[in-house]
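The values are calculated or read from the model by the stated rules, or taken from the named source; none is laboratory data. Being a predicted model, the structure only gives us computed values, none of them experimental. Virtual Cβ from ideal backbone geometry, glycine too; neighbours counted across all protein chains shown. For accessibility, only protein heavy atoms count, side chains too; no ligands or nucleic acids. Shrake-Rupley method; radii C 1.70, N 1.55, O 1.52, S 1.80 Å.
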Amino acid sequence: LGAAFTWRLAAERDRALEAEREATVQAATAARVSDFLVSVFNVSNPRLRSNRNLSARDVLDEGATRIEHELADSPRVKARLLDVLGSAYRSIGEPVRAIDLFRQAVDLYRSPPVDDPLAAAATLSQLAVVYSNNKFAGSEAEATARESLRLREGRVAPDSLEMADALNTLGVVLEANGQAEAAEPLLQRALAIRTPKLGADSLQVASTLHNLALVADERGDDARAAELFGRALAIKRAKVGEHHPDYQNSLDNYASALGRVGRREEALAILRENVGLARELYGDANEHLATAHNELGSQLHDIGRFTEAADEYRAALAVHARIAGDGVANASRAMPLNNLASALEDMGEPAAALPLFRESLDLRRSTQDAGSPMILRAENNLARVLTRAGDAAAALPLIDSVVAAWRQRDGEANLNTAKAEAIRIEALLALGRVDEARATRARMGLPGKAANASWTTLLALSDARIARRETDPAAALASADAAWQAVRAQWGERHPLIVEAGLLRAEALRRNGRGMEAGDLVAFLRPIAEASLAPVSPLRAALAAWR
């Protein structure tokens, strides 16, 4: 009994000594990190000191250079500083540099001289988010997030803030990979840990609310997304004010969600504010500014102001050109490229859109896993514009592979699958294969209880396009009427995206002997088309040729 008691005392003494040694090491590390950062921000380098236009990037570059040359004999300090600088580069919108520094930090944390798995886990969590936010390969982002979680499991309590961070990060990555169902429970668990420990008004809670809003957005639950983004934004405004990166990060998402619930002009005003805020916070050559221009363009696009939208997409691409990065930075160009192509397509210029869609797809294929949602959407877009540019034969094999991939991934009753099958119907009709188009429509899934306006409109337009080829005038008019009602409900009474459905209805009216009504409808559509569609648009040509 005495020996056992003595052993326990010795074990407790050893644990206390180890904790004391670890505290001493951590304190020494923190002191050296602090001293080093102070020396960097004092800008001891005469070359930098003489530069009156010194930027945050200049200071960070100086720090990164000095770390490489001055701290080879202090791996623990070097790892911590690489981690700190990686976070700083991430904050100023320099993802390529942040990724490089985070990777170096992780390697040092896991090396024998340092051997700090929890520090490695924290850095891996940041690295996974940067991968995901900048459209890096989805499998690498997910593997990084899962490794962060694995390193923490068994080393920290299940309800610890470290576990909440790992769960939140994995949820972010899965949502970005199109796995909303898997992401939501992870994010809810993170929220359940963070709220009692940090308070319902903490920035970490706001971050998780923001991520849950992204899940709602992915599911098409626009009202829920707007509500969650709004809650996250209110917390951030109270904590950090309106001139802070955390606030700006949620501002554009909130505005876009407002647009999707019909508050489009309000959303537009916020997104214009967001461009100015991004420029103020990050300067003229930064990913955040490019994203702000892109989001403003998307809202203008949704409102039907295609020319102004195209100008914003071009502004985003100009920012990317100023950044002139490679790898992840180039991959980020895929979004404004795709959106500019969509604006040109909606204006009735599919031939001009085609090379941009191809370039966007190539960029996504260079960084995304084969079959990822981003690649499938880009392939869907390319097949659609090929069809509308008159090459349905080339589009059909591509869209068949996309339909099969979405069906395998998400099932038949899914908006992504429905979008792809609607393009298949267009291609088949262009090739005169009406029976196959009809069979495709017959198998398309229907929206669930919470009907999605985009899905409803998609199905109604597919019905009207097929009915136009049928011999029954009354059935054609019924389908055209349904499409006309659906597009106006989704887009509004004078949006240019109603023109096609209006022409289908006018044609059906004329087939049913109601030529005067058809003429009135065409007269209503002409000024809408002339204000928004390019002179070469087939829809404008059809309206001009109407007799």
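Here is how the numbers come out for the structure above:
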{"read-out": "Per-peptide average of other Cβ atoms within 10 Å, ordering 295-306, 276-287 highest first", "value": "295-306, 276-287"}
{"read-out": "Prolate/oblate/rounded label for the stretch 434-547 (Cα gyration tensor, a/c 1.5)", "value": "oblate"}
{"read-out": "Solvent-accessible surface (1.4 angstrom probe) belonging to K239, in square angstrom, nearest 10", "value": "110 Å²"}
{"read-out": "Under-5 Å amide H pairs with V156, H placed in peptide plane, nonlocal only", "value": "none"}
{"read-out": "Principal-axis tilt of helix 95-109 within the chain, Cα atoms, nearest 10 degrees", "value": "40 degrees"}
{"read-out": "Cα gyration tensor, the stretch 438-495 - rounded (a/c under 1.5), prolate or oblate", "value": "oblate"}
{"read-out": "Between 0 and 90°, nearest 10: helix 434-443 axis offset from the chain longest Cα axis", "value": "50 degrees"}
{"read-out": "Listed residue (A480, T65, L85) projecting farthest to the positive dipole end of the chain, Cβ model", "value": "A480"}
{"read-out": "Size of charge dipole - the chain - debye, nearest 20, with Cβ of Lys, Arg +1 and Asp, Glu -1, no other charges", "value": "600 debye"}
{"read-out": "Summed residue charge, Cβ within 14 Å of A318's Cβ, Lys/Arg positive, Asp/Glu negative", "value": "0"}
{"read-out": "The stretch 389-526, relative contact order in percent, only Cα pairs under 8 angstrom and at least six apart counted", "value": "17 percent"}
{"read-out": "Between 0 and 90°, nearest 10: helix 473-491 axis offset from the chain longest Cα axis", "value": "40 degrees"}
{"read-out": "Largest-first principal axis extents, alpha carbons of the stretch 91-139, Å", "value": "33, 22, 14"}
{"read-out": "Contact order normalised by residue count of the stretch 245-394, Cα under 8 Å, 6+ apart, percent", "value": "15 percent"}
{"read-out": "Value of [θ]222 nm, deg cm²/dmol, for the chain, DSSP H segments ≥ 4, -39500 (n - 2.57) each, nearest 500", "value": "-26500 deg cm²/dmol"}
